[in-house]
1. Using the Kirkwood formula over every pair of different C-alpha atoms, what hydrodynamic radius in Å results for segment 195-351?
2. For segment 60-154, with only Lys/Arg (+1) and Asp/Glu (-1) charged at the beta-carbon, what is the dipole magnitude about the Cα centre, in debye rounded to 20?
3. Remind me, relative contact order of the chain in percent, using alpha carbon pairs under 8 angstrom and six or more residues apart?
4. How much net charge surrounds Asn89 when only other residues with a Cβ under 15 Å from its Cβ are counted (Lys, Arg +1; Asp, Glu -1)?
5. What list of ³J(HN,Hα) couplings, whole Hz, do you get for segment 290-304 from phi and the Karplus terms 6.51, -1.76, 1.60, once you set θ to phi - 60° and write x for glycine and proline?
6. How high is the relative contact order of segment 250-387, in percent, with contacts defined as C-alpha pairs under 8 Å that are six or more residues apart?
7. Modelling each spin label as a point 7 Å along the Cα-to-Cβ direction, I'd like the Lys367/Glu140 distance in nm, to one decimal.
8. Equivalent ellipsoid semi-axes for segment 60-154, as square roots of 5 times the alpha carbon gyration tensor eigenvalues: give them largest first, rounded to whole Å.
Amino acid sequence: MADYIYKARDATGQPKSGEISAATEEAAAEMLAEHRLILTKLEVKREKAFDVTEVLNKLSRVGFKDRVIFTRQLGTMIKSGLPIVQALNILAEQTSNKKFQKVIGEISAGIEGGSSFSSMLAKYPKLFDRVYINMTKAGEASGQLDVTLDRLATQQEKSYGIIKKVRGAMLYPAFVLVALIGATVLMLLIVIPPLKTIFEGAGADLPFATQVLIKLSDALQSFWYLFILGAVVLVLGGRQLLQTEGGQDALDRFKLRVPIFGPLFKKIYIARFTRTLSSLVSGGVPILQALDIVGESIGSRTYERALKKAAKEVEGGVQLSQPIRGNPNFPPLVSQMISVGEQTGKMDEVLSKLASFYEEEVDNLVKNLTTLMEPLLMVVMGAAVGGLLIAILMPIYNLGSVIK
């Protein structure tokens, strides 16, 4: 197999260019002809010298915001009557992310070659999840791709909003923790060693807290590489553990049961469940398939198992509200509202209202947690710094008394 660079024109005379892999030039030409392209130039791709810009482009990632903007703009263009291939080409030119630009171009070329939009999206599972692919597939089948894309963009914007708020709330305590650790390490490396020499020379009895600090300082200076190695092993070991089913289950249980943050995570998962299920149902995805997709995309193994169990009961003829009602991880309001949606035939509208309610609950809870955490963190930091200062100043004060 070899890589070839081609230039061609489509049926309308528009110029096209790109790369293709084939065994021979003849095979490459035949593949392009199958895509209804009139070949004008074909040559073997030559190896390029090391290009920093190209490497950076490959390492760059397509952000959540990039996908939201892409989805919203594509839906708007299709709604305005623009053919999907032309809309994708315009978006490829507009985006500043080179990696995403290449992906959009490849999707456009695939559609020109006869593939469907959803099947081309399925070739990039890291960029477009099952919710995205199945909703676009349903939108294509119903002839309402523009409406589906608009719903998808709304669902993504809501999800992105929740993630952004939670990350913002966690940023301040994370910064305080890092600052506290940094200040402690600097004190152990810079302040404690000269004081240790003074204390040993004076032969003074040292408080227990001061002795602990001196021991930690000696260990950090003598075996600093072990501390770094231990931190690396802890991080890598933790990541490896979280890739196992047992580790994921343990983390999930901890997140749902931890004080203060447990209720926040539950509301986040319920908001995701209701918003995603509403988008899928309104997009025409069958309820059993929708429950399977939501379970995988919700981000909680506990809720994933609950939804898979609910799907089995629904498949057996039971209404969704019944297994939801019997699960303690879902508040009574959720099962009651779903029951109303089942009785009125407006499940998507009811789920959408539920999602808005829980998204507002998450917003209020994040604001309250942020307000409460600021004074709490100040107290914790003050206590930690105060403890360090007392451990240092007490022997100095005692030493001054002895000298007098």
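1. 19.6
2. 400
3. In percent, rounded to a whole number, it is 13.
4. Computed value for this residue: -1.
5. 5, 5, 5, 5, 4, x, 6, 9, 6, x, 9, 5, 4, 6, 4
6. After rounding, I find 27 percent.
7. A separation of 4.3 nm, rounded to one decimal place.
8. Details: eigenvalues 62, 42, 39 Å².
Equivalent ellipsoid semi-axes, largest first: 18, 14, 14 Å.
Where a number appears in this text, it was derived from the coordinates with a stated rule and is not lab data. From a predicted model like this one, the values you see are computed outputs, not experimental measurements. Virtual Cβ from ideal backbone geometry, glycine too; neighbours counted across all protein chains shown.
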